[in-house]
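Engineer: Below you'll find the structure I mean.
The values are calculated or read from the model by the stated rules, or taken from the named source; none is laboratory data. Treat the numbers as computed from the prediction; the structure is a model and nothing was measured. Here the Cβ is made from the backbone with ideal geometry for all residues, glycine too, and neighbour counts use every protein chain on show.
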Amino acid sequence: MRREGSPWRGLGVVFLKELSDHLTSARMRVLELLVVLTALAAVYGAIQQIKDSTAEDPFLFLKLFTTTREQYPLPSFVSFLAFLVPLMAIGLGFDAVNGEHSRRTLSRILAQPIYRDALLFGKFLAGLATLAVSLVALWLLVIGFGLYLLGIPPGGEEMARSLVFLLVTIAYGGVWLALAMLFSIIFRSAATAALVTLGLWLFLTVIWSALAPAIAAIVIPPDPRYASLGLPTPETTELQTVLARLSPSTLFAEVVLALLDPTTRALGPIYLSQLQGAVVGAPLPMAESLMMAWPQIVGLVAGTIVLFVIGYVVFQRQEVRA
Amino acid sequence: MSTPVIEARDLVKRYGGATAVDGVSFTIAPGEIFGLLGPNGAGKTTTILMLLGLTDISSGEARVLGHDPAREPLAVKRRVGYLPDLVGFYDHLTASDNLRYTARLIGIAAEEREQRIATALDRVHLGDVAERRVATFSRGMRQRLGLAEILMKDAAIAILDEPTSGLDPQATVELLAMIRGLKHDGVAVLISSHLLERVQSVCDRVALFHDGKITLLGTVEELGRQVLGGGFAVEVEAQGVALGDRLREVPGVRAVEATGPDRYRLLAERDVRPEAAAAVVGAGGRLTRLSVEEPSLEVIYTRYFENQGIRDAA
């Protein structure tokens with residue numbers, strides 16, 4: 001059965017309304033403030049560290065994102081992002097649909113000549129655009145801060161790498177936004193949706209990385225021959241990597257590692273054969289780094305799409321009435 | 001009668017095993033106010049959602065302005081205004097911003113948008129508070145804002161779900177007057193309500209819902225004749241000898257009930273007050289009260305189910 005009219009009708013209207021709601025909401029202001037302050041603190045720490053130990057690093061500027069100050073246990077800029085971007089995305093998405101239910105605006109809006117597609121997709125795009133706007137602003141801020149305090153202009157490849165890093169961070173936010181929206185469709189109470197999403201986020205980010213090795217060791221017990229040599233069993237390690245990569249946080253961390261540290265040669269276990277002939281510590285060309293992280297990047301985008309589609313299907317079948 | 005704007009034929013809605021709407025058929029003519037009345041949970045809202053294409057139709061057929069709401073929902077929703085039960089607005093936006101958002105969704109051209117919003121708000125007496133946030137609005141103001149949305153949409157049909165619920169008597173009277181105004185503009189109005197008395201006054205025809213079925217359909221007078229047996233019940237209070245027999249002889253009276261000492265209730269085909277008065281006076285009785293009971297929906301509804309109960313028991 002073919003529906004009459006375009007599913008995109010009204011998409012732009014919903015997008016602009018939601019975007020303006022996000023950008024003017026108090027919630028967004030608080031999140032932005034949190035992100036900017038912590039990020040600047042981290043970058044400042046990194047700059048102090050870089051100044052103290054100026055080396056002949058060809059990718060000094062990228063160090064801005066990844067270095068931590070040794071004296072203070074302050075996380076680096078990327079670790080802050082890995083932690084705060086999900087929080088921001090969840091903050092933007094957890095009441096996307098159930099909020100319309102509880103405000104009793106959903107049936108009134110859907111009685112206008114638009115399809116549900118436009119409403120859901122418009123909300124998602126608005127959330128993503130809000131994330132993108134804040135992240136681009138943050139990225140520019142960090143680069144400017146670095147230029148000012150380090151006094152070294154970044155090279156072309158450094159800029160390219162950090163730009164890809166920015167795009168990946170947006171995609172990483174997209175996964176959590178899609179997840180938050182999915183739960184906002186499933187759960188009628190915004191508080192429940194927020195708690196479930198936050199719970200799942202904590203589980204995937206904190207607990208899962210500890211749980212993955214344990215599960216791997218149970219499924220494939222370590223071989224005593226390797227153990228006696230003090231080496232990990234390759235099969236166990238492989239399974240552990242596979243399990244850990246189910247979490248978007250792991251994927252993001254791996255992409256960041258490949259992109260911002262050009263000397264990274266492999267993600268996951270390295271075999272001796274891979275190291276033959278390698279000049280340890282020599283940077284890879286950007287295309288190679290990108291190639292290495294490509295599966296992870298695709299994984300993040302695919303995760304976003306899959307979560308959004310599940311939400312879309314549930315939303316289409318849902319009754320308008322509470 | 002001109003072509004109906006809404007036609008429902010044997011509409012059925014099933015949720016899993018339960019049947020919420022069970023074979024409902026009715027038509028609504030242009031410019032008519034049609035009431036869907038019945039207790040909560042009788043299937044009124046579900047019927048409305050099916051007509052708007054907001055929920056699937058399990059079986060049966062609906063036509064709204066000649067369109068099938070299941071296949072052409074946009075064509076239907078372009079011409080139909082809907083005021084949901086306990087309508088909600090975006091509290092952080094002003095009244096006119098709320099309407100502006102819907103106006104864009106409807107696709108009203110930018111150059112006439114402001115004019116239409118202002119006119120609609122003035123008509124529901126919200127012109128003064130157009131720039132106030134909806135958060136400060138009372139229940140009645142929100143309902144009126146919902147009505148303004150329908151006016152702005154220039155809809156051919158207005159569907160109002162429980163428009164008077166939660167309103168104080170004065171707000172109800174105001175709202176009902178505005179609904180009559182819609183009819184005056186030639187808009188067909190479908191009202192659902194569980195408050196029979198309030199809505200009775202504005203409806204041209206009503207359908208009484210019970211358990212997902214329409215049990216009665218027609219004008220209030222028709223239903224009265226159908227259910228109460230006669231159209232009129234005349235109450236007589238008079239002192240005198242054997243008045244009951246005298247009243248029974250009045251032409252047009254079908255039955256006389258003695259409801260108390262010197263009190264009689266006449267069931268008649270028409271208003272027999274003059275004849276009854278003459279009969280009492282002619283018999284030398286003292287007439288103290290004479291009144292006619294208008295058939296009210298409440299009475300019709302209750303009586304219908306009493307009769308139904310008797311029939312079921314038999």
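Per-residue answers, yes or no, for (1) of a type in the set (D, E, K, R); (2) under 27 Å from the mean Cα position of the chain (by Cα); (3) facing another protein chain (nearest Cβ under 8 Å):
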| site | (1), (2), (3) |
| --- | --- |
| B:Val64 | no, yes, no |
| B:Pro73 | no, yes, yes |
| B:Arg78 | yes, yes, yes |
| B:Tyr82 | no, yes, yes |
| B:Phe89 | no, yes, yes |
| B:Ala95 | no, no, no |
| B:Asn98 | no, no, no |
| B:Thr102 | no, yes, yes |
| B:Glu112 | yes, no, no |
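Engineer: I would also like to ask the following. Please work out if B:Thr46 is within 14 Å of chain A (Cβ to nearest Cβ) and at pLDDT 95 or above. Working first, answer last.
Structural biologist: Details: within 14 Å of chain A (Cβ to nearest Cβ): yes; at pLDDT 95 or above: no.
For B:Thr46, the condition - within 14 Å of chain A (Cβ to nearest Cβ) and at pLDDT 95 or above - is not met.
Engineer: Right, next: In the range A:226-261, which residues are among the charged types (D, E, K, R) and either over 30 Å from the mean Cα position of the chain (by Cα) or buried (at least 20 other Cβ atoms within 10 Å of the Cβ) (or both)?
Structural biologist: Applying the first criterion (among the charged types (D, E, K, R)) to the range A:226-261 yields A:235, A:238, A:245, A:254, A:261.
Of everything in the range A:226-261, just one residue is among the charged types (D, E, K, R) and either over 30 Å from the mean Cα position of the chain (by Cα) or buried (at least 20 other Cβ atoms within 10 Å of the Cβ) (or both), namely A:Glu254.
Engineer: Tell me, yes or no, whether the range A:206-225 has at least one residue that is among the aliphatic types (A, V, I, L, M), touching a residue at least 60 places away in the same chain (Cβ under 8 Å) and buried (at least 20 other Cβ atoms within 10 Å of the Cβ).
Structural biologist: Our first condition is that a residue be among the aliphatic types (A, V, I, L, M); within the range A:206-225, this holds for A:206-207, A:210-212, A:214-220.
After this cut, where a residue has to be touching a residue at least 60 places away in the same chain (Cβ under 8 Å) as well, the list is none.
Checked the range A:206-225: no residue is among the aliphatic types (A, V, I, L, M), touching a residue at least 60 places away in the same chain (Cβ under 8 Å) and buried (at least 20 other Cβ atoms within 10 Å of the Cβ).
Engineer: If you take just the helices (runs of 4 or more DSSP H) that sit entirely in the range B:9-116, which of them hold at least 1 residues that are touching a strand residue (DSSP E or B) at 6+ places or on another chain (Cβ under 7 Å) and surrounded by fewer than 19 Cβ atoms within 10 Å (Cβ to Cβ)? Spell out how you get there, then give the answer.
Structural biologist: On the way: elements: B:44-51, B:73-79, B:95-106.
By residue number, B:73-79.
Engineer: Quick one: what pairs do we get from the range A:235-246, first residue part of a helix (DSSP H, G or I), second modelled with pLDDT under 90 and surrounded by 19 or more Cβ atoms within 10 Å (Cβ to Cβ), C-beta under 9 Å, 6+ apart or different chains?
Structural biologist: A:Thr241/A:Leu267
Engineer: Sort out which residues of the range B:19-41 are within 14 Å of another protein chain (Cβ to nearest Cβ) and touching a Leu at 6+ places or on another chain (Cβ under 9 Å), and write them in order of number. Explain how you work it out, then say what you get.
Structural biologist: Narrowing the range B:19-41 to residues within 14 Å of another protein chain (Cβ to nearest Cβ): B:20-21, B:40-41.
Correct list: B:Val21 only.
Engineer: What single numbered condition from (1) part of a strand (DSSP E or B); (2) exposed (fewer than 14 other Cβ atoms within 10 Å of the Cβ); (3) at pLDDT 85 or above fails to hold for B:Pro274?
Structural biologist: For B:Pro274, the exception is condition (1).
Engineer: Out of the residues in the range A:1-17 that are at the interface with chain B (Cβ under 10 Å from one of its Cβ atoms) and under 12 Å from A:Leu125 (Cα atoms), state the one that is farthest from the chain's Cα centre (by Cα).
Structural biologist: Among those residues, the one meeting the criterion is A:Val13.
Engineer: Is there any pair linking a residue in the range B:54-77 that is basic (Lys, Arg) to one that is surrounded by fewer than 23 Cβ atoms within 10 Å (Cβ to Cβ), with Cβ under 6 Å and at least six apart or on different chains, and which?
Structural biologist: Correct list of pairs: B:Arg63/B:Glu7; B:Lys77/A:Pro113.
Engineer: Among the residues of the range B:277-314, how many are aliphatic (A, V, I, L, M), over 30 Å from B:Ala42 (Cα atoms) and not in a loop (DSSP other than H, G, I, E, B)? Working first, answer last.
Structural biologist: Start the filter on the range B:277-314 by keeping residues that are aliphatic (A, V, I, L, M), which leaves B:277-281, B:283, B:287, B:290, B:292, B:297, B:299-300, B:310, B:313-314.
Now restrict to residues that are over 30 Å from B:Ala42 (Cα atoms): B:277-281, B:283, B:287, B:290, B:292.
Okay, now just the ones that are also not in a loop (DSSP other than H, G, I, E, B), so B:277-281, B:287, B:290, B:292.
Qualifying residue count for the region: 8.
Engineer: For A:Leu125, which of the numbered conditions (1) more than 17 Å from the chain's Cα centre (by Cα); (2) more than 20 Å from A:Val43 (Cβ to Cβ) fails to hold?
Structural biologist: (1)
Engineer: Go through the range B:117-129 and give me each residue that's crowded, with 19+ Cβ neighbours inside 10 Å and either in a loop (DSSP other than H, G, I, E, B) or in contact with an Asp or Glu (Cβ under 8 Å, 6 or more places away or on another chain) (or both).
Structural biologist: Step one: filter the range B:117-129 for residues crowded, with 19+ Cβ neighbours inside 10 Å, giving B:117, B:120-121, B:124, B:126.
Result: B:Ala120, B:Val124, B:Leu126.
Engineer: Now, a different point. Going by what's in this entry, would A:Ala137 be described as surrounded by fewer than 19 Cβ atoms within 10 Å (Cβ to Cβ), within 23 Å of the chain's Cα centre (by Cα) and not acidic (Asp, Glu)?
Structural biologist: Yes.
Engineer: Could I ask something else about it? What number of residues within the range A:284-317 are surrounded by fewer than 16 Cβ atoms within 10 Å (Cβ to Cβ) and within 14 Å of another protein chain (Cβ to nearest Cβ)?
Structural biologist: Residues in the range A:284-317 being surrounded by fewer than 16 Cβ atoms within 10 Å (Cβ to Cβ) and within 14 Å of another protein chain (Cβ to nearest Cβ): 2 in total.
Engineer: Could you tell me how many of the residues in the range A:18-42 are within 20 Å of the chain's Cα centre (by Cα) and of a type in the set (S, T, N, Q)?
Structural biologist: Looking only at that region, the number is 1.
Engineer: Continuing with the same structure: Hey, which of the helices (runs of 4 or more DSSP H) in the range A:1-66, taking only ones fully inside, have at least 1 residues that are modelled with pLDDT under 85?
Structural biologist: Numbers: elements: A:11-24, A:26-52, A:60-66.
Helices (runs of 4 or more DSSP H) meeting the threshold: A:26-52, A:60-66.
Engineer: Test each condition in (1) part of a helix (DSSP H, G or I); (2) of a type outside the set (Lys, Arg); (3) crowded, with 18+ Cβ neighbours inside 10 Å for A:Phe203 and report the one that comes out false.
Structural biologist: Failing condition for A:Phe203: (3).
Engineer: Of the residues B:Ile28, B:Ile57, B:Ile33, B:Ile48, which single one is in contact with a Cys (Cβ under 6 Å, 6 or more places away or on another chain) and aliphatic (A, V, I, L, M)? Don't jump to the end; show me each part of the working.
Structural biologist: On the way: B:Ile28 fails: in contact with a Cys (Cβ under 6 Å, 6 or more places away or on another chain); B:Ile57 fails: in contact with a Cys (Cβ under 6 Å, 6 or more places away or on another chain); B:Ile48 fails: in contact with a Cys (Cβ under 6 Å, 6 or more places away or on another chain).
Of B:Ile28, B:Ile57, B:Ile33, B:Ile48, the one residue that is in contact with a Cys (Cβ under 6 Å, 6 or more places away or on another chain) and aliphatic (A, V, I, L, M) is B:Ile33.
Engineer: Can you name the residue in the range A:91-107 that is more than 25 Å from A:Gly199 (Cα to Cα) and buried (at least 23 other Cβ atoms within 10 Å of the Cβ) and is also nearest to the other protein chains (Cβ to nearest Cβ) among such residues?
Structural biologist: Per the criteria, the residue is A:Ser107.
Engineer: Something else about it: Among A:Leu23, A:Leu125, which is within 30 Å of A:Gln318 (Cα to Cα), aliphatic (A, V, I, L, M) and surrounded by 16 or more Cβ atoms within 10 Å (Cβ to Cβ)?
Structural biologist: Answer to the check: A:Leu125.
Engineer: Here are B:Ala268, B:Ala279: which of them is touching a residue at least 12 places away in the same chain (Cβ under 8 Å) and farther than 10 Å from B:Val234 by Cα? Spell out the reasoning first.
Structural biologist: Details: B:Ala268 fails: farther than 10 Å from B:Val234 by Cα.
After ruling out the rest, the residue left standing is B:Ala279.
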